[in-house]
Amino acid sequence: CVRFQDLDDMNLPNGLITRSDITHLDATQIDLFDYFVAALAKNGIYSNIELHYHATYSTEHGLPFKPAHSGARVIQWFEPSVIAAEKAYAKSLLTHFNPYTQFSYYEDPAVALIEIVNEDSLTMNAYDPVTTLPKKISQDYIGVLKAQWNVYLTKEYKTNAALLAAWGTTDN
């Protein structure tokens, strides 16, 4: 099995997308990828396609704030414009018809695995393991995340008493 990583992260000619628009596949690059995946399949080798590794986003992609360095690995979990871009990219790639295999990637029997996100989680990249303080995320996005967290808490626990019963108290 061959694992394809960085497809959304590499500038051309290495990745499948351009920096200007993550939601569209580059025609030349996807043709090369199609041919290679088909050649692997023809030789009995499966493919593992990783959708999101470390794409770079900016305010040009509709973000309200510029993310900190490597911040996309964190904001991908909660920033609506990044989530929408990732969904569009995934749909574009997975529904793309490979003319060499005669399958779309989502239905290709030689595609053994589709990884949604590379070895990642919100807490894995967002916080320093020693201090538990945010590290790769700007204060603007910490505010976005806190606001979303508070909306969740309000929906989940209708009153402050219910919240305190479930979570206890903190100094924050």
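The values are calculated or read from the model by the stated rules, or taken from the named source; none is laboratory data. Everything numeric here is computed off the predicted structure, so don't read it as measured data. Every residue, glycine as well, gets a Cβ built from its backbone with ideal geometry; the counts of neighbours run over all protein chains shown. Ligands, DNA and RNA are excluded from the accessible area calculation, which covers all protein heavy atoms including side chains. Shrake-Rupley method; radii C 1.70, N 1.55, O 1.52, S 1.80 Å.
Taking 35 Å as R0, compute the FRET efficiency from the Cβ-Cβ separation of Asn150 and Tyr100 and round it to 0.05.
Working: r = 50 Å, r/R0 = 1.42.
Once the sixth-power term is evaluated, E becomes 0.10.
Give me a comma-separated list of calculated 3J(HN,Hα) values for region 74-84, in order, Karplus coefficients 6.51, -1.76, 1.60 applied at θ = phi - 60°, integers in Hz, x for any Gly or Pro.
Computed from phi, the couplings for region 74-84 are 9, 6, 4, 7, 9, 7, x, 5, 5, 4, 5 Hz.
Using a 1.4 angstrom probe and counting only protein chains, how large is the accessible area of Thr154 in Å², to 10?
90 Å²
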